[in-house]
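Contents: one structure, followed by commentary.
The values are calculated or read from the model by the stated rules, or taken from the named source; none is laboratory data. Because the structure is a prediction, the values reported are computed rather than measured. In this analysis, Cβ positions are derived from the backbone assuming ideal geometry, glycine residues included, and neighbour counts consider all displayed protein chains. Ligands, DNA and RNA are stripped out before the accessible areas are found, and what is left, the full protein with its side chains, is counted by its heavy atoms. Shrake-Rupley method; radii C 1.70, N 1.55, O 1.52, S 1.80 Å.
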Amino acid sequence: MKSLFIRQLYAERQKGRKKHLSLLPLCFLLFQVLWALWQLTHAAPEELETGYLLLFHHLPLMNTILLPMLAAVIASRLCDMEIKGDTLKLLYTMQKPAQLFHCKFLMGLKYLFYFTMGQGLLILGAGKICRFTDPLKWTMLAEHMAVTFTVSAVLLAIQQTLSLLSASQLLPLAAGLVGCFLGLFSLFFPTPIARLFIWGYYAAFPAASTDWERDSKIVRYFEVPFPMTGFLLFLGTVFIIYLLCKTLTVRKEV
Amino acid sequence: MKPVITTEALTKQYGSKAVVNCLDLSVPAGSIYGFLGPNGAGKSTTIKLLLGLVKPNSGSIKLLGREINEKNRLSILSQTGSLIESPAYYGHLSGFENLQIICTLKNVPETEIYRVLKIVRMEGQKDKKVREYSLGMKQRLGLAAALLGNPGLLLLDEPTNGLDPAGIQEIRELICSLPNRYGMTVLVSSHLLSEMDQMATHVGIIDKGQLIFQDSLAVLHEHSRLQLLLKTDNDDRALQILKRSEISAEQKGGKLYLRSAEDSLVIKAVSVLAASGVGVLRLSEQQMSLEDIFLHLTGRQVSL
């Protein structure tokens, strides 16, 4: 006999039938593949010598622009069926609101995991196809993927809360779009202010940075140490934000 | 009969407004309990309170003999089925797939789906997407979902809302058959007294959050006492004379009624009117309608 939580997760899977949700991370990934192809085919040979560093520098920026929207769309697709079908009042007679929140979040995480893994493969594939000469540091790849996944996860929790609390999905999707812009603009803010905007955190833990020589106009990519303490603090914040989101959703009477 | 639902001083307030106010419900086992009241009286909130979807400010709830709390809520509710307000469904899935989800959550074998689909006569539409269903079909699917697992108690909130007359009749017959065929107790809310008259064995009437009547339907009908329609050549003057003589009378819809059909009172009324020179043209007996009973209980005219 399956445990209650496993059954609830299975029910989420049953609800997702015919929704083709796996296409969402695939579409966003495809866009990034096209972007990477364009970027790398236009790169100077000396840039390809540090190709992995180039990707580790550019992809967080790309993620800042795209992933808040991906999180918003995934959350909206997962929650919209409950709002449209007015199912919460039925579901809450069979499961605890908090458990529904956890199950939905785990389902959403699955698609973010697909995307993160896909992006990892994109980096590996780009290195092989474009013949980067610098060696790939696996720790850098793992750190990049951990940051991408964690920031996306906290955005998913926020978006899921908005989607479950809103009668229409327009507001959460608009919030996702605003998040994209906020994240992007926060990159130009002074660091203490930029840290207030969670959407910009994709670029807050960079694995690589750049140095631009004014005279030669050459961009040089170099590795920067991963701010592990900062990341662990961020993980703690993610946990608190998740609990807040869950509490807000559970408190709503249906 | 032992009560299946008992509430004591159940109260729910939004701000300073009590939507449900000191409600003492008692629903006997095996009954069809008609929970009546005008729109906004607090019926849906009461059902949501019973299901734990809304938290009460005070009072207690016993379902199936156990006092409900946050820890045992789901375990008690696993023996109940519910249909609250509009039907809940996943439009992109078929009726069968919708019921599969409920089976998973209720931990009920999927073979049950065929049984409940047969009860609500929806075997033929099980593979159609629910968004293509009519409202009546969605309502029947909701009922099928509520019946999964053969619960001992069904809570149905206005299950005939939005249905055509044929659909209403069908749902009504289905609800009526449940206690005898499956040993269920059914609490069904409605704002239509006439509907309850055809379905319920027991009735609770709620108005402005307060229970103003609770007993068997037979007892409710005892309130449906006779009254006399009195036609005179001057009804306004006749009313004044009757009131002056302390004879209970009232004017409704331009017609004059004696509130009691007691012989001595009728003799007294006719004599007084004749002595005052008011001509009595006609006297006829009239049964109180259920709307009149509601008016009698609440003192308010409502559309039921």
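A few comments on the model shown:
- Qualifying residue in segment B:52-72 (condition: assigned to a helix (DSSP H, G or I) and facing chain A (nearest Cβ under 10 Å)): no
Condition check ((1) under 25 Å from B:Val219 (Cα atoms); (2) of a type in the set (Ser, Thr, Tyr); (3) touching an Asp or Glu at 6+ places or on another chain (Cβ under 8 Å)) across all residues:
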| position | (1), (2), (3) |
| --- | --- |
| B:Ile5 | yes, no, no |
| B:Lys12 | no, no, no |
| B:Ile32 | yes, no, no |
| B:Gly42 | yes, no, no |
| B:Ile47 | yes, no, yes |
| B:Val54 | no, no, yes |
| B:Asn57 | no, no, no |
| B:Arg73 | no, no, no |
| B:His92 | no, no, no |
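- In this structure, A:Phe28 does satisfy being part of a helix (DSSP H, G or I) and at pLDDT 95 or above.
- Test: residue in segment A:6-27 that is in contact with an Asp or Glu (Cβ under 8 Å, 6 or more places away or on another chain) and either farther than 14 Å from A:Ala208 by Cβ or without any contact (Cβ under 8 Å) to a residue 60 or more places away in the chain (or both): yes
- Segment B:141-237 holds strands (runs of 3 or more DSSP E) entirely within its bounds, and those carrying 3 or more residues that are not hydrophobic (A, V, I, L, M, F, W, C) map to B:185-190, B:202-207, B:210-216, B:226-232.
- Those helices (runs of 4 or more DSSP H) of segment A:39-119 in which at least 1 residues are modelled with pLDDT of 95 or more, within 14 Å of chain B (Cβ to nearest Cβ) and open to solvent by 10 Å² or more (accessible area, probe 1.4 Å), considering only elements entirely within it, cover A:51-84, A:88-91.
- Every residue from segment B:165-189 that is among the hydroxyl-bearing types (Ser, Thr, Tyr) and surrounded by fewer than 17 Cβ atoms within 10 Å (Cβ to Cβ): B:Ser177, B:Tyr182
- Tabulated pairs, segment A:114-134, first among the small types (Gly, Ala, Ser), second not in a helix (DSSP H, G or I), C-beta under 7 angstrom, 6+ apart or interchain: A:Gly127/A:Leu136
- Among the residues of segment B:75-106, those that are outside any loop (DSSP other than H, G, I, E, B) and within 7 Å of chain A (Cβ to nearest Cβ) comprise B:Leu77, B:Ser82, B:Glu97, B:Gln100, B:Ile101, B:Thr104, B:Leu105, B:Lys106.
- Residue within segment A:149-165 that is open to solvent by less than 80 Å² (accessible area, probe 1.4 Å), over 30 Å from A:Pro97 (Cβ atoms) and part of a helix (DSSP H, G or I) present: no
Conditions (1) in the same structural domain as B:Lys118 (by TED's automatic domain parsing); (2) within 25 Å of B:Leu53 (Cα to Cα); (3) touching a Cys at 6+ places or on another chain (Cβ under 7 Å), marked per residue:
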residue	(1), (2), (3)
B:Ala144	yes, yes, no
B:Ala166	yes, no, no
B:Gly183	yes, no, no
B:Ser190	yes, yes, no
B:Glu195	yes, no, no
B:Thr201	yes, no, no
B:Lys208	yes, yes, no
B:Gln240	no, no, no
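- All of (1) more than 20 Å from the chain's Cα centre (by Cα); (2) assigned to a helix (DSSP H, G or I); (3) within 14 Å of another protein chain (Cβ to nearest Cβ) hold for A:Gly127 with one exception: (3).
- Neighbours by Cβ (under 8 Å, 6+ apart or cross-chain): first from segment B:104-122, among the basic types (Lys, Arg); second open to solvent by less than 10 Å² (accessible area, probe 1.4 Å): B:Lys106/B:Leu148
- Of all the listed residues (A:Asp211, A:Asp215), the sole one being away from chain B (no Cβ under 14 Å), surrounded by fewer than 13 Cβ atoms within 10 Å (Cβ to Cβ) and assigned to a strand (DSSP E or B) is A:Asp211.
- Count of segment A:4-25 residues which are closer than 25 Å to A:Asn63 by Cα and open to solvent by less than 70 Å² (accessible area, probe 1.4 Å): 5
- Selection from segment B:107-134 of residues that are open to solvent by less than 20 Å² (accessible area, probe 1.4 Å), among the hydrophobic types (A, V, I, L, M, F, W, C) and within 14 Å of another protein chain (Cβ to nearest Cβ): B:Ile113, B:Val130
- Close contacts from segment B:172-185, counting a first residue that is closer than 16 Å to B:Tyr33 by Cβ and a second that is of a type in the set (Asp, Glu) and open to solvent by less than 50 Å² (accessible area, probe 1.4 Å), with Cβ to Cβ under 9 Å and a gap of 6+ residues or different chains, come to B:Arg172/B:Glu195.
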